[in-house]
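To start, the structure under review is shown below, and the notes come after it.
The values are calculated or read from the model by the stated rules, or taken from the named source; none is laboratory data. Please read these numbers as outputs of a predicted model, since none were measured by experiment. Backbone-built Cβ (ideal geometry, glycine too); neighbour counts: all protein chains shown. For the accessible areas, the whole protein counts, side chains as well, though only heavy atoms, and no ligand, DNA or RNA atoms are used. Shrake-Rupley method; radii C 1.70, N 1.55, O 1.52, S 1.80 Å.
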Protein chains: 2
Amino acid sequence: MTKPTLNLHLVLVWLMAVLASLSQTACAATPSSSKKATLMTEKQVFTTTNFKTYGGKTIPEVNVGWESYGELNAAKDNVILITHYFSGNSHAAGRYSADDAEPGYWDAIIGPGKAIDTNKYFVISVDSLVNLSAYDPNVVTTGPASINPETGKPYGLTFPVVTIRDFVNVQKLVLESLGISKLHAVVGPSMGSMQAQDWAATYPEWVPRMVAVIPAAQADAWTAAALEQWAIPIRLDKNWNKGDYTREAPPKDGLVAALMSITLQALHPDFFNQTGQALGYTPQEQTPLNDIHTTHSIVNWLRGRAEERADLMDANHLLYLVRANQLFVTGYAGSLEAGLKNVKAKTLYLPAKTDLLLMPYMAEKPYSILKSQGKNTQIDYLEGALGHLEGVADISQKADLLRAFLNDEPQ
Amino acid sequence: MTKPTLNLHLVLVWLMAVLASLSQTACAATPSSSKKATLMTEKQVFTTTNFKTYGGKTIPEVNVGWESYGELNAAKDNVILITHYFSGNSHAAGRYSADDAEPGYWDAIIGPGKAIDTNKYFVISVDSLVNLSAYDPNVVTTGPASINPETGKPYGLTFPVVTIRDFVNVQKLVLESLGISKLHAVVGPSMGSMQAQDWAATYPEWVPRMVAVIPAAQADAWTAAALEQWAIPIRLDKNWNKGDYTREAPPKDGLVAALMSITLQALHPDFFNQTGQALGYTPQEQTPLNDIHTTHSIVNWLRGRAEERADLMDANHLLYLVRANQLFVTGYAGSLEAGLKNVKAKTLYLPAKTDLLLMPYMAEKPYSILKSQGKNTQIDYLEGALGHLEGVADISQKADLLRAFLNDEPQ
């Protein structure tokens, strides 16, 4: 068990910032960081028609948002693709306006002179299909909440199951629309690591460098079952109605329950118990002792954070994201070994030591397989008490390593 | 990460046996173990009236079941109390009939000549208040599913919140009804460890020896929030109706979801992934790829096990058990340090190295505090890939240590 090494206040500020950025809500109380060298960005939209899914279905029209940072060079060979995590979107870095309180989630490592240097690289990211934040004005996605052109109503559960491969294929179409035919690197955390690895396995000629942060190379039985715990409360919500609900009466309680579970699993007791202490939590609270209808302060806090985030998210989209993750194996080649066999990239795995959602063994497995296949691969560990969230909120601890890896410098 | 050291088939048989014993259903397909020295037992019933709860409420009538193994001696000083885990009951050892397929959950260490030797000790266990298996014919308990004598209907959520201290106080009344005024030891796993520690802190003159297996000395913020994840799906079930439901239309889907979550958290990926492999699980299953309404084989398996167990369990009882656990701190003295200060017993802590539900730090904390208070305390670690379940299904690995500790032999 790693001891907490981070200042509590700092960590709380971080967590609030991360939660705020997850929901894309501006938090006026949070002081914005220094404006010098502020990276600005805006959401673009890509559209394609008759998109064929990995499962063999057709989506008549796909719209997804994307963002970029830095300039595409004339040779179009300076492209770094960032693939986002489960509850994230393409807002990886920068701000939408000068008074935007929070930048994108990996702003600490993406920008002019930063580890992923926008003075050198054209950095691009794409909103996933079935993106969780379907109602966020800064997210463009296509999924069960989208209008089915054939019926004029939301698809609901008639939307086809989509996979991580489909996210990758949409990204490839976006890149090709810009005349790009090769990446400098693909880098992503968590669900983003799945996309990054699938890129390297499926389009090896495109990918000379791949970085998988807090990664999973496949959904093992444990992960598939754990992910299902996020889907179950949504299906139990009486408003869910087998996926057929309105924007006015969504299954919010089920979605909030899922988000509570996600937040808890993405953290580690070391950090969470510090949060409890800061809130004044004690097991001997009088209110929950006197009334079964109430809950402890720490539960109220966790629910409150989830309720704030839920209004911009769609419950069916969460179900489809869970399924996409459950179906994942790098390369979709029947086994992880077979999928990784196609990888040509040099690869870097960055699990977090305290991660309880995707434990370090999830990174050690593909690393070992790639090593045994004679590939150029390395592994290094994120430290700290945040658990899975280390890979998002605390990524700057690996800035030097990332920079060197991307620039092919000796490490 | 501990490598799996157990034969897969053996572990699967164990798990099935444990799951069967949890639900108290006989499993004809499971071969019963050797009949030599078969320990027999039967459920007894204890009744008390006007029971005052720790929270200051009165329960007009309390009925609880209890079992014993071995003989109470004339001095009544050979008593070992076994306190049960969350989904368990007082059936700690032995069989109800010669053709009973499964013995009590700790039969591996309780019996003639075993670590907790019924040739020497009178071993006794009591069904908890708000016991999960409210409809199990072999469980007697009082809780929200019991009939309120004032209304002639089930209490539902009008039943007062009860605590681990209340479980302890009911056990004390059972013991006193037998003329017992001192224990030789108290021993319990998981929620049973809470009761064992509270016994040692609250009635120190009764308790010269205490063993806490896969323990928690208090519900820290992490544990309180994690436990809430078991309660949430029940409250979401449309049949729950704020706790006012009938035996004919219970909130079974919510209860099944809670049990799935409990089973998953009580295990470890090392074991769970072996189970998945044995079931033929693969992320690339066709059914969940083609149909969002279906789920992967491993999810179906987990749900199936939960559905088998749910029929004998009560959803409101689960909510009350969650609350009792959330409110727990050893000694209820304002802080863990203050509670442990009253302990006079020599103590033994047995966490499981791979435990993800109550991680080893939960045992290391009270152990350190007791040590710093100059008390006679020791800690040792259960090994193996089962996670939390090591403390129930695989306890025999610590048989020699337990025997020596209880007999005051040099270790």
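Using only the Cα atoms of the stretch B:94-215, what do you get for the radius of gyration and for Dmax, in Å?
Values for the stretch B:94-215 (Cα only, Rg and Dmax): 16.2, 49 Å.
Picking from A:GLY334, A:MET210, A:VAL126, whose Cα lies most toward the positive end of the charge dipole for chain A (charges on Cβ: Lys, Arg +1; Asp, Glu -1)?
Of the candidates, A:GLY334 comes out farthest on the positive side.
Would you list, by chain and number, the aspartates and glutamates whose Cα falls below 16 Å from the Cα of A:LYS114, excluding same-chain residues fewer than 8 positions away?
Straight-distance partners of A:LYS114: A:GLU71, A:ASP394, A:ASP400, A:ASP408, A:GLU409.
Residues of the stretch A:105-147 with the amide nitrogen closer than 16 Å to a label point 7 Å from the Cα of A:MET40, along Cα-to-Cβ, please.
Only A:112 pass the distance filter.
May I have the convex hull volume per residue, in Å³, for the Cα set of the stretch B:238-291? Kindly include the intermediate steps, with their values, before the conclusion.
Working: hull volume 7.3 nm³, N = 54.
Expressed per residue, the convex hull around the Cα atoms of the stretch B:238-291 is 135 Å³.
May I ask for the equivalent-ellipsoid semi-axes of chain B, computed as the square root of five times each C-alpha gyration tensor eigenvalue and listed largest first in whole Å?
Working: eigenvalues 190, 138, 95 Å².
Three semi-axes, in Å: 31, 26, 22.
Take peptide A:284-291, look around each residue's Cβ out to 10 angstrom, count Cβ atoms belonging to other protein chains, and average those counts. Don't jump to the answer; show the numbers that get you there.
Working: counts 10, 3, 2, 0, 6, 11, 5, 5.
Partner-chain Cβ atoms within 10 Å, mean over residues of A:284-291: 5.
Determine the total buried accessible area between chain A and chain B, counting protein heavy atoms only with a 1.4 Å probe; round to the nearest 100 Å².
Values: alone 16940 and 16970 Å², together 28780 Å².
For chain A against chain B, roughly 5100 Å² becomes buried.
Over the Cα atoms of the stretch B:146-237, what is the Rg over Rh ratio if Rh follows Kirkwood? Kindly include the intermediate steps, with their values, before the conclusion.
Values: Rg = 16.4 Å, Rh = 15.5 Å.
Answer for the stretch B:146-237: 1.06.
Given the convex hull of the Cα atoms of the stretch A:283-340, what is a quarter of its surface area in nm²? Working shown, then result.
On the way: hull surface 28.8 nm².
Projected over every direction and averaged, the Cα hull of the stretch A:283-340 covers 7.2 nm².
Just want the answer: with Cβ charges of +1 for Lys and Arg and -1 for Asp and Glu, which residue in A:ALA310, A:PRO410, A:MET191 is farthest toward the dipole's positive end in chain A?
Of A:ALA310, A:PRO410, A:MET191, it is A:PRO410.
Any of A:LYS182/A:LYS346; A:LYS398/B:LYS353; A:LYS52/A:LYS344 with alpha carbons more than 18 Å apart? Name them for me.
As for pairs spanning more than 18 Å Cα to Cα, those are A:LYS398/B:LYS353; A:LYS52/A:LYS344.
How large is log10 I(q)/I(0) at q = 0.15, 0.24, 0.27 Å⁻¹ when the Debye formula is applied to the Cα atoms of the stretch A:89-136, each weighted equally and without solvent?
Normalising to I(0) and taking log10 leaves -0.45, -0.94, -1.05.
How many partner chain Cβ atoms sit within 10 Å of a residue's Cβ in peptide B:213-221, on average, as a whole number?
Mean shielding count: 4.
Over the alpha-carbon set of the stretch A:300-411, divide Rg by the Kirkwood Rh and report the Rg/Rh ratio to two decimals.
Values: Rg = 17.2 Å, Rh = 16.6 Å.
With Rg and the Kirkwood Rh in hand, the quotient comes to 1.04.
Could you run the Karplus curve 6.51 cos²θ - 1.76 cosθ + 1.60 with θ = phi - 60° over the stretch A:227-237 and give me ³J(HN,Hα) per residue in whole Hz, x for Gly and Pro?
4, 4, 5, 7, 7, 4, x, 5, 5, 7, 5
Once R0 is set to 35 Å, what does the formula 1/(1 + (r/R0)^6) return for the Cβ-Cβ distance between B:SER97 and B:GLU61, expressed as a FRET efficiency to the nearest 0.05? Can you show the working numbers first?
Values: r = 30 Å, r/R0 = 0.84.
The calculated FRET efficiency here is 0.75.
Quick one: Cα centre-to-centre distance for the stretch A:222-239 and the stretch A:130-194, in angstrom?
For the stretch A:222-239 versus the stretch A:130-194, the Cα centre distance is 22 Å.
Restricting to DSSP loop positions (anything but H, G, I, E, B) with no more than 16 other Cβ atoms inside 10 Å of their own Cβ, which GluC sites (Glu not before Pro) remain in the stretch B:195-303? The partial results should precede the final answer.
On the way: sites: B:GLU205, B:GLU228, B:GLU248, B:GLU285; in loops: B:GLU205, B:GLU248, B:GLU285.
Hits after loop and neighbour filter: B:GLU205, B:GLU248.
Taking the stretch B:231-341, how much of its Cα-Cα pair set, in percent, is spaced more than 23 angstrom apart?
On the way: 2884 of 6105 pairs.
Of the Cα pairs, 47 percent sit more than 23 Å apart.
Tell me the Kirkwood radius of the stretch B:178-218: reciprocal of the mean inverse pair distance over distinct alpha-carbon atoms, in Å.
Working: mean 1/r = 0.0992 Å⁻¹.
For the stretch B:178-218, inverting the mean 1/r across all distinct Cα pairs yields 10.1 Å.
What spacing in nm lies between the two simple spin-label points modelled at A:ALA249 and B:LYS371, each 7 Å away from Cα in the Cβ direction?
Between A:ALA249 and B:LYS371, the simple spin-label model gives 5.9 nm.
Carbon-plus-sulfur fraction of the accessible area of the protein assembly as shown, 1.4 Å probe, in percent? Working shown, then result.
Values: 14770 of 28780 Å².
After summing per-atom areas, the C and S share lands at 51 percent.
Could you report the stretch B:8-406's accessible area per residue, 1.4 Å probe, as an integer in Å²?
On the way: 13320 Å² over 399 residues.
Solvent-accessible surface per residue comes out at 33 Å².
If r is the Cβ-Cβ distance from B:ASN290 to B:TYR381 and R0 is 41 Å, what FRET efficiency results, to the nearest 0.05?
Numbers: r = 45 Å, r/R0 = 1.10.
Computed FRET efficiency for B:ASN290 and B:TYR381: 0.35.
How big is the charge dipole of chain B about its Cα centre, in debye rounded to the nearest 20, if each Lys and Arg gets +1 on its Cβ and each Asp and Glu gets -1 on its Cβ?
Dipole of chain B, to the nearest 20 debye: 780 debye.
Quick one: which bits of the stretch A:317-347 get at least 30 Å² less accessible when the partner protein chains are in, versus the chain alone, with a 1.4 Å probe?
When all protein chains are present, A:ARG323, A:GLN326, A:LEU327 each give up 30 Å² or more of accessible surface.
Mind listing the long-range amide H neighbours of A:ALA352? Cut-off is under 5 Å, sequence gap 5 or more, other chains count too, H placed in the peptide plane at 1.01 Å from N.
A:ILE214, A:LEU382
For chain B, what is the mean residue ellipticity at 222 nm derived from helices alone (per DSSP H run of n ≥ 4: -39500 (n - 2.57); sum divided by total residues; nearest 500 deg cm²/dmol)? Intermediate values should be presented prior to the final figure.
Details: 13 runs with 144 residues, N = 411.
Rounded to the nearest 500, the figure is -10500 deg cm²/dmol.
Please compute one quarter of the surface area of the Cα convex hull for the protein assembly as shown and express it in square nanometres. Can you show the working numbers first?
Working: hull surface 138.8 nm².
The orientation-averaged projected area of the Cα hull of the protein assembly as shown comes to 34.7 nm².
For the protein assembly as shown, build the charge dipole from Cβ charges (+1 Lys, Arg; -1 Asp, Glu) around the Cα centre, then report which of A:THR263, B:ILE82, A:SER368 sits farthest towards its positive end.
A:SER368
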